[in-house]
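J.: Below: one structure in structure tokens.
All of the numbers you see were taken from the coordinates with simple rules; none came from a lab. The structure presented is a predicted model; accordingly, all values stated were derived computationally and were not measured. All Cβ positions, even for glycine, are placed from backbone atoms using ideal geometry, and neighbour counts span all protein chains on display.
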Amino acid sequence: MTKVYIDGELYEKEHAKVSVFDHGLLYGDGVFEGIRVYNGKIFKCEKHIDRLYESAHAIGIRIPMSKVEMGRAIEDTLKANSMTQAYIRLVVTRGVGDLGLDPKLCARPSVIIITDKIQLYPPEVYEKGLELIISSTPRNHQSALSPRIKSLNYLNNIMAKMEGQRAGVREVVMLNLEGYVCECSADNIFLVKDGVVKTPPPCAGILKGITRDIILDIADEMKVPAKEENITRFDLYVADEVFLCGTGAELIAAIKIDGRDIGEGKPGPIFKKLLKRFRELALA
Ligand code: PMP
């Protein structure tokens, strides 16, 4: 039976419930993380915990436990569920309060840890690659709500994803208000052109993905030139390779964007090289 951690207690899945007065539910007032477990090891746990605390700090939530206690709570929840391959969803909400936006109405933030499985795309999509469109929904402007805050407010991304679904594709590219490429609805994006790997810089208004950082490190280690650079729609169309990355999706090649084939219309050689090394690191 799946056990879910809520505020220091483990509950059976069907009893794992939050109040209808939780501001996470009422206003999307909260933050979260998604973390992978490979072969019993929590992958990049510290980095995810750091980002969770940064997201919380940015919206003025003081998580009522230390980072060390959070790490222990994650491990205990995983152990209680006897899982060695898993996807962990870590959620911190503003907590329970009366109606009204005022965060002061909430006495104490709530901490939730769910351990589950996740398979974002069918295996054949990982093999053959993914088709994308560029969504007409721009990414939230960073001065309104920074995409660097991994908040419970994912409507911007969901609206873009719905646009993709209407167009018959599984993922979309979102641009910023200047028209530069930001990221996908739940992943960061990379392109390869003439042997150089490129990804938008954090100041383009993206979530600074932990998988993205790993890819940049791997490229560095493998002496594949890589840089953060503003990318346009045109750059994507004429790229030799495009791929996406994220904790949930892992690494996946994009082979068509807005009906244009990317490169040879199949996962490219640099993508495959980076993927191989990523798998080695994840399974190490
Ligand atoms: N961008 C967005 C909007 C995301 O939600 C995510 C996480 N699913 C990512 C990028 C990738 O981040 P990470 O590699 O840290 O999972």
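J.: Mind checking which pairs have a first residue in the stretch 176-187 that is at negative phi and a second that is of a type in the set (Asp, Glu) and away from the ligand (no atom under 15 Å from the Cβ), Cβ under 9 Å, 6 or more apart or different chains?
T.: Every condition considered, the pairs that remain are VAL181/ASP235.
J.: Does the stretch 236-249 contain at least one residue that is out of contact with any Gly (no Cβ under 8 Å at 6 or more places or on another chain), free of Cβ contacts under 8 Å to residues at least 60 places away in the same chain, away from the ligand (no atom under 12 Å from the Cβ) and not in a strand (DSSP E or B)?
T.: The answer is yes, given that some residue of the stretch 236-249 is out of contact with any Gly (no Cβ under 8 Å at 6 or more places or on another chain), free of Cβ contacts under 8 Å to residues at least 60 places away in the same chain, away from the ligand (no atom under 12 Å from the Cβ) and not in a strand (DSSP E or B).
J.: Right, something else. Among the residues of the stretch 209-235, which ones are within 14 Å of the ligand (Cβ to nearest atom), charged (D, E, K, R) and out of contact with any Cys (no Cβ under 9 Å at 6 or more places or on another chain)?
T.: ASP213, ASP217
J.: What residue, among those in the stretch 159-170 that are more than 11 Å from the ligand (Cβ to nearest atom) and within 17 Å of the chain's Cα centre (by Cα), is surrounded by the fewest Cβ atoms within 10 Å (Cβ to Cβ)?
T.: Filtering first and then ranking leaves MET159.
J.: So TYR38 clears everything in (1) within 16 Å of the ligand (Cβ to nearest atom); (2) farther than 14 Å from THR247 by Cβ; (3) not basic (Lys, Arg) except one condition, right? Which one?
T.: (2)
J.: Conditions first: (1) free of Cβ contacts under 8 Å to residues at least 40 places away in the same chain; (2) more than 18 Å from the chain's Cα centre (by Cα). TYR53 passes all but one, so which condition is the exception?
T.: It fails just one condition, (2).
J.: Okay, moving on. With the structure loaded, tell me whether ASN39 is in contact (Cβ under 8 Å) with a residue 12 or more places away in the chain and at positive phi or whether it fails that test.
T.: yes
J.: Now for a different question. So THR137 clears everything in (1) within 18 Å of the chain's Cα centre (by Cα); (2) more than 28 Å from VAL20 (Cβ to Cβ); (3) within 15 Å of the ligand (Cβ to nearest atom) except one condition, right? Which one?
T.: For THR137, the failing item is (1).
J.: A further question on this structure: Determine whether ILE206 is surrounded by 23 or more Cβ atoms within 10 Å (Cβ to Cβ), assigned to a loop (DSSP other than H, G, I, E, B) and either away from the ligand (no atom under 16 Å from the Cβ) or not hydroxyl-bearing (Ser, Thr, Tyr) (or both).
T.: Judged against the criteria, ILE206 is a match.
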